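Accompanying notes for the structure given below.
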Amino acid sequence: MLSPAELERYARHIVMREIGGAGQQKLKNARVLVIGAGGLGAPVLQYLAAAGVGTLGIVDDDTVSLSNLQRQVIHDTDQLSEPKVASAAEAIARLNPNVGVEPHLTRLAGHNALALVSDYDLVVDGSDNFDTRYLASDACFFAKKPLVTAAVGQFDGSITTLRPFETGEDGTLNPTYRCLFPKKPREGLLPTCAEAGVLGALTGIIGAMQAMEVIKEITGLGEGLVGRMMMFDARSFRMETIRYRRSPKNPLNGDHPKSWADLLEEA
């Protein structure tokens, strides 16, 4: 049940017919795992905490550095060299003491990915590399957990939601991340954020969109981005949405789909 203080805190949600008290209770009961407490993870964590998501898990093995603060707004100057999971937990406690935080001071890897995502209702991927994105999407596929994943470049970003363990309105299974991106780019092909740079406000825009998508998934509000990828160009401030489908060439599909162990062996 929501306490009197929570009823006041979330009043602007509760008066909305599409959310109401029932939707706010769903948010309170939800367990969401956020991979990465960086540029995307920072606004995701802030908005989900403010919205009243009951438990937020944070996976990150990095510490706060001065160059992070241009975009990773959940951290501040007094927290330099502090683990990001601890810094983020402190910020969330200040923002909303009703939210429980489960810090995981580790990097998502083959030996822990499946166990980590299995302990939550929904996963948000705010990582900055393809290895983690593929690992997170594969783990969520096998654990049957919804995944809201996003990525940013210098001036552009994209976001989609994955529910490949469910069927769409046409009765066919929803696509996986590997349907959208069949092959992982080779290491070094694309420049990192440190090499190419990124607009700080861009990560805030895309991260806030991820938080919005999570809230929709939890409360059943509106139409999610399953089978659709939204792309945003900050230079022209244009958005475009493309549709994508389940691919028979995906190694997770077909008559002889690969197992979790098979994928780890190939990684």
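Only the coordinates and a few stated rules stand behind these numbers; no lab work does. Everything numeric here is computed off the predicted structure, so don't read it as measured data. As a convention, Cβ positions derive from the backbone with ideal geometry for all residues, glycine included, and neighbour counts pool all protein chains shown.
Read through the list (1) buried (at least 16 other Cβ atoms within 10 Å of the Cβ); (2) in contact with a helix residue (DSSP H, G or I) (Cβ under 8 Å, 6 or more places away or on another chain); (3) more than 17 Å from Pro146 (Cα to Cα); (4) not basic (Lys, Arg), then give the number of the only condition that Gly200 fails.
(1)
For the range 76-85, indicate whether the set of residues that are assigned to a helix (DSSP H, G or I), in contact with a Ser or Thr (Cβ under 7 Å, 6 or more places away or on another chain) and of a type in the set (S, T, N, Q) is non-empty.
Looking for residues that are assigned to a helix (DSSP H, G or I), in contact with a Ser or Thr (Cβ under 7 Å, 6 or more places away or on another chain) and of a type in the set (S, T, N, Q), one finds at least one in the range 76-85, hence yes.
Name the single residue that is surrounded by the most Cβ atoms within 10 Å (Cβ to Cβ) among those in the range 3-28 being hydrophobic (A, V, I, L, M, F, W, C) and out of contact with any Gly (no Cβ under 7 Å at 6 or more places or on another chain).
First, the residues of the range 3-28 that are hydrophobic (A, V, I, L, M, F, W, C): 5, 7, 11, 14-16, 19, 22, 27.
Narrowing further to those that are out of contact with any Gly (no Cβ under 7 Å at 6 or more places or on another chain): 5, 7, 11, 15-16, 19, 22.
Values: Ala5: 10, Leu7: 13, Ala11: 11, Val15: 10, Met16: 13, Ile19: 22, Ala22: 10.
The qualifying residue surrounded by the most Cβ atoms within 10 Å (Cβ to Cβ) is Ile19.
Which one is surrounded by the fewest Cβ atoms within 10 Å (Cβ to Cβ), of the residues in the range 188-197 that are of a type in the set (A, V, I, L, M, F, W, C) and within 23 Å of Val124 (Cα to Cα)? Full working, then the answer.
Step one: filter the range 188-197 for residues of a type in the set (A, V, I, L, M, F, W, C), giving 189-190, 193-194, 196.
Cutting the leftovers down to within 23 Å of Val124 (Cα to Cα) gives us 190, 193-194.
Numbers: Leu190: 12, Cys193: 17, Ala194: 9.
Looking at residues that are of a type in the set (A, V, I, L, M, F, W, C) and within 23 Å of Val124 (Cα to Cα), I get Ala194.
Can you go through Ala93, Ala136, Ala115, Ala89 and tell me which one is assigned to a helix (DSSP H, G or I), more than 19 Å from Val226 (Cα to Cα) and in contact with a strand residue (DSSP E or B) (Cβ under 6 Å, 6 or more places away or on another chain)?
Selected residue: Ala89, the only one of Ala93, Ala136, Ala115, Ala89 that is assigned to a helix (DSSP H, G or I), more than 19 Å from Val226 (Cα to Cα) and in contact with a strand residue (DSSP E or B) (Cβ under 6 Å, 6 or more places away or on another chain).
Name the single residue, out of those in the range 15-50 being in contact (Cβ under 8 Å) with a residue 12 or more places away in the chain, assigned to a helix (DSSP H, G or I) and of a type in the set (A, V, I, L, M), that is farthest from Val117 (Cα to Cα).
Ala50
Being surrounded by fewer than 24 Cβ atoms within 10 Å (Cβ to Cβ) and more than 19 Å from Met212 (Cβ to Cβ) is true for just one of Arg71, Arg31, Arg94. Which residue is that?
It is Arg94.
Run down Pro185, Pro175, Pro164 and say which single residue is touching a helix residue (DSSP H, G or I) at 6+ places or on another chain (Cβ under 9 Å), buried (at least 23 other Cβ atoms within 10 Å of the Cβ) and either among the charged types (D, E, K, R) or assigned to a loop (DSSP other than H, G, I, E, B) (or both).
On the way: Pro185 fails: buried (at least 23 other Cβ atoms within 10 Å of the Cβ); Pro175 fails: touching a helix residue (DSSP H, G or I) at 6+ places or on another chain (Cβ under 9 Å).
Only one candidate qualifies: Pro164.
I need every pair where a residue in the range 150-168 that is within 16 Å of Pro191 (Cβ to Cβ) has its Cβ under 6 Å from the Cβ of a residue that is among the charged types (D, E, K, R), sequence separation at least 6 or different chains.
Phe155/Arg235; Asp156/Asp233
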